[in-house]
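**Q** I have a structure here, written as structure tokens, and I will follow up with some questions on it.
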């Protein structure tokens, strides 16, 4: 009798499980954001969440769970039911760096997250205070080599993509400067404009208004090709520095164990949203590019990013403060 009951439940699961996947979503979907409202990750979540809600006729609710560089949100998300109703809108720091920097086995993206698609890409820009007597990257590096340790760089925080790019450049080019860490982009940018520090690496989306107004001078961007927001600024790649291809991504993730059919449905809906001209324009206006990847390509991208930046974190022993 027990054998017959077990067999019946197994057969029933085979029929009901795909049906549940096909029906997704039948209730509200929660988008977990690892930062406070207002930043680029939060903005990306709200842009796609609003459109997904229109497309799928269910609420998409953004939940901001800030703290510990994204670690708190990542831990919360790892424990979510793998049913497609809790998704993570993550970025470089929370997905790749936070557990390493915190030296805590909170989660590991390869095991605990299913990469669904990228959402947006934002390059960084090397920007200097206009009083610094350099007009291009060549002059900037010449000055850095002439006076090792004298130049000061504003970082929005330890272990950020901005900070890691700075460390990569110093080790690759044999340069040395003083890194001043701030609590976020705003105070770092304020001191750069005020001349308390001399240069920074910052997201194009943050730097654009200050470059346009002449408050800072842009020397190079980290995207593979020139950005439409700063078409007159060369890329590091075209200047011969191919290692400095670095962008801030936002991406969409499901918890490990989420059924393949549900992941496919989420990817299909997200792709449709991200290819919508109106959505592309919304991202463009905030200095980001709406970007779709397959789940496989996104995983490969994360593997490359992991292999590039995690060794730097370990080499210089970056620790959470």
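Taken together, the values in this text are just the output of simple stated rules run on the coordinates, not laboratory data. Here the structure is a predicted model, which is why all the values come from computation and not from measurement. Note that we place each Cβ from the backbone using ideal geometry, even for glycine, and neighbour counts take in every protein chain shown.
**Q** Which order do 226, 104, 217 fall in if you start with the one that has the fewest other Cβ atoms within 10 Å?
**A** Ascending number of Cβ neighbours within 10 Å: 104, 226, 217.
**Q** Subtract the Cα-Cα distance of residue 26 and residue 239 from 0.36 nm times their separation in residues, and report this length gain in nm to one decimal.
**A** 71.6 nm
**Q** Only counting other Cβ atoms within 10 Å, I'd like 282, 272 sorted with the fewest neighbours first.
**A** Listing 282, 272 from fewest to most nearby Cβ atoms yields 272, 282.
**Q** Okay, next question. Where both partners of a DSSP beta bridge lie in the stretch 123-244, what percent of those bridges are antiparallel, to the nearest 5?
**A** 55
**Q** By the gyration tensor of its Cα atoms, with a ≥ b ≥ c the square roots of the eigenvalues, what is the shape of the stretch 123-244: rounded for a/c under 1.5, prolate for a/b over b/c, or oblate?
**A** rounded
**Q** Where a ≥ b ≥ c are the square roots of the eigenvalues of the C-alpha gyration tensor, would you call the stretch 44-187 rounded, which needs a/c under 1.5, or, failing that, prolate if a/b is larger than b/c, or oblate?
**A** Since a/c reaches 1.5 and a/b is larger than b/c, the shape of the stretch 44-187 is classed as prolate.
**Q** How would you rank 66-79, 116-129, 24-37, highest first, on the average number of other Cβ atoms within 10 Å across their residues?
**A** My ranking of the peptides, most packed first, is 116-129, 66-79, 24-37.
**Q** With a/c under 1.5 counting as rounded, go ahead and sort the chain into rounded, prolate or oblate using the C-alpha gyration tensor (a ≥ b ≥ c being the square roots of the eigenvalues; past the cut-off, prolate if a/b is larger than b/c, else oblate).
**A** Judged from the Cα gyration tensor, the chain comes out prolate (a/c at least 1.5, a/b above b/c).
**Q** Gain in length, residue 111 to residue 310, computed as 0.36 nm per residue apart minus the alpha-carbon separation, to one decimal in nm?
**A** Extra length available between residue 111 and residue 310 comes to 70.0 nm.
**Q** Contact order normalised by length for the chain, with contacts defined as Cα pairs under 8 Å and 6 or more residues apart; what percent is it?
**A** Once divided by the residue count of the chain, the mean separation gives 25 percent.
**Q** Sort 295, 171, 213 by Cβ crowding within 10 Å, fewest neighbours at the top.
**A** Fewest-to-most Cβ neighbours within 10 Å comes out as 213, 171, 295.
**Q** Moving on to the next point. Roughly what angle does helix 185-194 make with the longest principal axis of the chain, taking Cα atoms, 0 to 90 degrees, to the nearest 10?
**A** Around 10 degrees separate the two axes.
**Q** I want the antiparallel fraction of DSSP beta bridges within the chain, as a percent rounded to 5.
**A** In the chain, DSSP labels about 60 percent of beta bridges as antiparallel.
**Q** Determine the gain in length on full extension of the stretch residue 319-residue 196; use 0.36 nm per residue of separation and subtract their C-alpha separation, reporting nm with one decimal.
**A** Full-extension gain reported as 41.8 nm.
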